[in-house]
Amino acid sequence: MKAQIQRLYWLERVVLVLFTMHYALFTASAQQEHEWEEYLNEVLTIEDVGTAAWEELYEQLCELNQHPMDMNHASREQLEQLPFLSAQQVEDIMAYLYQYGPMKSLAELQMIRSLDYQRRRLLTFFVRIDDDEQKQGFPSLKTITQYGRHELMATAKIPFYERRGDNEVYKGWPYRHWLKYQFSYDDQVKAGLVGAQDAGEPFFANKNRWGYDYYSYYVQIKHWGRLESLVLGKYRVSMGMGLIANNGFTMGKLTSLQNLGRSTTTLRAHSSRSSADYLQGAGATMTIVKGLSLTGFLSYRAMDATLNKDGSATTIVTSGYHRTETELEKKDNLRNTTFGGNIRYQQHGIHAGLNIIAAHLNRELKPNTSLLYRQHAAQGTDFMNFSADYGYIHHRFAFNGETAMNKNGALATINSLSLQCGNGVSLMALYRFYSFRYTSLYANSFSEGGSVQNESGVYLGVNWQPSPRLKVMAYSDYAYFPWAKYQISQSSHAFDNMLQVSYLRNRWTIDARYRLKVRQRDNEDKSALQSRTEYRGRLSLTYDGSFSSRTQVDYTQIVFRGQDRGWMVSQSLGYHHRWLKLSGGLGYFHTDSYDSRVYLYESGPLYSYGFSQFSGEGIRYWLMARAEISRRLILTAKFGTTDYFDRSVIGTSYQQIDGSSQSDLDLQVRWKF
């Protein structure tokens, strides 16, 4: 009885606070300020949340936001870093600059018909116009050192609780912290060093005698004569549509609908804290003649792996955690040598490329093939993949595709066709076939099953904007898996559907999303397959201004061996005035199980993407302040707490917290000089 009274008390408090916050908002006068981070909140799906690829995308967009590209000198490859631009829109921007010359103002973006209002708004956060700057080749060393910009950033996360592992097995302090230094000159020169430490990892001790558990160092030079790009240190590479190599972000289903299935080849510095999916060494892209380029790269790096008794590797570990003796034993015990490249033609809307990548491991990769779903996992010491990517871009339609093969002759192919139908309607169809015998250590592309293997499917999407205020996105995706998968002992299929509607009026935006996903799994005795049906809905109301607000309601229902439901109501507020930015939020959640968990986006310090998941019953509240002390110094602090009503212990195993409340403090200092 006492617990029920407490729940009612907190629920009443939440409703009262939501009403008060909205009332305060209505009585305030505001000036518009859109937070570009909300774009990711709108296009992320459950499978994307928390993945290293999406965290990498967020950090990349953070950097572009802090160092916007010069629109008048931006290359096609630079514009293609923005996931909300389609291939046709990138082509239209390039054509406009070629035909009319440099832009005098970002207002000229309105002259490019394929850019709708939302994309024009988003672009203003990542591009700039330099009226006085006329680039004449590569700058001198004196110019680079004189006008280059330095940036030093330090971030720490301080927990106000103890985990079980802090006193028993973790080898380091319970604080997560990282340091980043970067020097940049426009978009032509970039060099930096990143050091990162997860909570519980040894610092200047054990295997980390050089301090941080993970370091990234990089130098990148662009547009130096025929040298389009040169990267040294740690870097990422993407070729085609990702069937043989893609160390960038995975093309999620909503982002694929936004960018309409682009295909590209890029080399870029690895400037994030992610310890997975990068190469280490050197890579370069050279222009041979106009429209024809050649890319080559070489890498040698250590990787984490779980070893078998005979010294072979059973799995490659990508979590990056080195807190316990067991985790430290897996650190850097596998060596990987990789090389590859491509030759690519791109001109007059046509692009075609030939790609190759090869890798050698110093230990044999020998997974446990007694498990049916792992019988066709990557095995051996030597790996090689070839592919051809191709396409044609027109202002009304675009075709992109890639077909790949591994050294054993197994095939993978993906092809997309997008159409601009007029009246604000764009359509996209995508077909993929990935043989269950196809393997690649670096593949990362569009999929339902999470890998470029054992899948075929058809995706159909529509993007309709009948007016500047109303936007509708919808997709339907069918996937078939011919071989067994985890928790699925035979051939199976999945069906995924989503509808999202956005309505914008003045500074107000209403978003509604509904998703229905059906996927087969083994029944309890594994004698047959049973459908697992997932329903998810979201309704949000957003106000943009010097005062900003977002009210959101999420609902989920899982039907599989019973029914689980979950819901969350949340409110976030923000205020921005000159040198001070304040933001905060409050939410109440109630779910029947972990399967019916709900997700919430929160603002965080720079380069820290805050997407949290909640299950059970409780409240979440947080407050963040960012103060621009001067043009060079920015301080940020965020305090957040999650209080659970249905438990006295949070987490399990070494992450267990003996209590019902979890609070953290994030601190960040940024100095530009």
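Among residues of segment 297-317 that are in contact (Cβ under 8 Å) with a residue 24 or more places away in the chain, those with a beta-carbon under 6 Å from a residue that is of a type in the set (Phe, Trp, Tyr) at least six positions away or on a different chain give the pairs Leu298/Phe339. Would you be able to say whether some residue in segment 347-363 is outside any loop (DSSP other than H, G, I, E, B), touching a residue at least 60 places away in the same chain (Cβ under 8 Å) and basic (Lys, Arg)? Looking through segment 347-363, none of the residues is outside any loop (DSSP other than H, G, I, E, B), touching a residue at least 60 places away in the same chain (Cβ under 8 Å) and basic (Lys, Arg).
Looking only at residues of segment 199-211 that are buried (at least 20 other Cβ atoms within 10 Å of the Cβ) and in contact with a Gly (Cβ under 7 Å, 6 or more places away or on another chain), we find that the one that is nearest to Leu328 (Cα to Cα) is Glu201.
Scanning segment 474-506 for residues that are of a type in the set (A, V, I, L, M) and at pLDDT below 90 returns a single hit, Leu504. Every condition in (1) within 22 Å of Tyr478 (Cβ to Cβ); (2) aromatic (Phe, Trp, Tyr); (3) at pLDDT below 95 is met by Tyr392 except one, and the failing one is (1).
Residues that are surrounded by fewer than 21 Cβ atoms within 10 Å (Cβ to Cβ) and among the basic types (Lys, Arg) were ranked within segment 338-375; the one that is farthest from Phe399 (Cα to Cα) is Arg363.
Tell me, yes or no, whether segment 289-297 has at least one residue that is within 15 Å of Ser275 (Cα to Cα), in a strand (DSSP E or B) and within 25 Å of the chain's Cα centre (by Cα). No - not one qualifying residue is present in segment 289-297.
Looking only at segment 570-592, residues that are modelled with pLDDT of 95 or more and open to solvent by 30 Å² or more (accessible area, probe 1.4 Å) come to 2 in all.
Considering segment 393-420 alone, what residues qualify as being assigned to a strand (DSSP E or B), among the polar types (S, T, N, Q) and surrounded by fewer than 19 Cβ atoms within 10 Å (Cβ to Cβ)? Passing the criteria: Thr403, Asn415. With respect to the conditions (1) closer than 18 Å to Gln662 by Cβ; (2) touching a Pro at 6+ places or on another chain (Cβ under 7 Å), Arg597 lacks only one, and its number is (2).
Would you mind stating whether Gly283 is over 22 Å from Tyr58 (Cα atoms) and either open to solvent by less than 40 Å² (accessible area, probe 1.4 Å) or of a type in the set (Ser, Thr, Tyr) (or both)? Considered against the rule, which asks whether it is over 22 Å from Tyr58 (Cα atoms) and either open to solvent by less than 40 Å² (accessible area, probe 1.4 Å) or of a type in the set (Ser, Thr, Tyr) (or both), Gly283 comes out as yes. The set of residues in segment 87-105 that are closer than 13 Å to His73 by Cβ and open to solvent by less than 10 Å² (accessible area, probe 1.4 Å) comprises Ile93, Met103. Scanning segment 317-327 for residues that are open to solvent by 50 Å² or more (accessible area, probe 1.4 Å) and within 23 Å of Thr338 (Cα to Cα) gives Thr318, Ser319. Exactly one residue among Arg301, Arg335 is in a strand (DSSP E or B), open to solvent by 70 Å² or more (accessible area, probe 1.4 Å) and in contact with a strand residue (DSSP E or B) (Cβ under 8 Å, 6 or more places away or on another chain), and that residue is Arg335.
For segment 642-673, name all the residues that are closer than 23 Å to Asp592 by Cβ and β-branched (Val, Ile, Thr). The answer is Thr642, Val649, Ile650, Thr652, Ile657.
Among the conditions (1) in a loop (DSSP other than H, G, I, E, B); (2) at pLDDT 90 or above; (3) open to solvent by 40 Å² or more (accessible area, probe 1.4 Å), the only one that Ala443 does not satisfy is (3). Counting the residues of segment 638-664 that are open to solvent by 40 Å² or more (accessible area, probe 1.4 Å) and hydrophobic (A, V, I, L, M, F, W, C) gives 2. Just the residues that are open to solvent by less than 60 Å² (accessible area, probe 1.4 Å) and either hydrophobic (A, V, I, L, M, F, W, C) or at pLDDT 95 or above (or both), please, taken from segment 460-473. Once the filter is applied, which keeps residues that are open to solvent by less than 60 Å² (accessible area, probe 1.4 Å) and either hydrophobic (A, V, I, L, M, F, W, C) or at pLDDT 95 or above (or both), segment 460-473 yields Val462, Leu470, Val472, Met473. For the residues Glu151, Glu162, Glu108, the requirement of being out of contact with any Gly (no Cβ under 8 Å at 6 or more places or on another chain), of a type in the set (Asp, Glu) and open to solvent by 80 Å² or more (accessible area, probe 1.4 Å) singles out Glu162. Any residue in segment 421-439 that is within 23 Å of Tyr480 (Cβ to Cβ) sitting within a Cβ distance under 9 Å of a residue that is of a type in the set (Phe, Trp, Tyr) and open to solvent by 60 Å² or more (accessible area, probe 1.4 Å)? List the pairs, counting only those 6 or more apart or interchain. The qualifying pairs are Phe436/Trp483; Arg437/Trp483.
The values are calculated or read from the model by the stated rules, or taken from the named source; none is laboratory data. In this text the structure is predicted, and so the values were computed from the model without any measurement. Because the Cβ atoms are built from the backbone with ideal geometry, glycine has one as well, and the counts that use them run over all protein chains shown. Heavy atoms of the whole protein, side chains included, go into the accessibility calculation; ligands, DNA and RNA do not. Shrake-Rupley method; radii C 1.70, N 1.55, O 1.52, S 1.80 Å.
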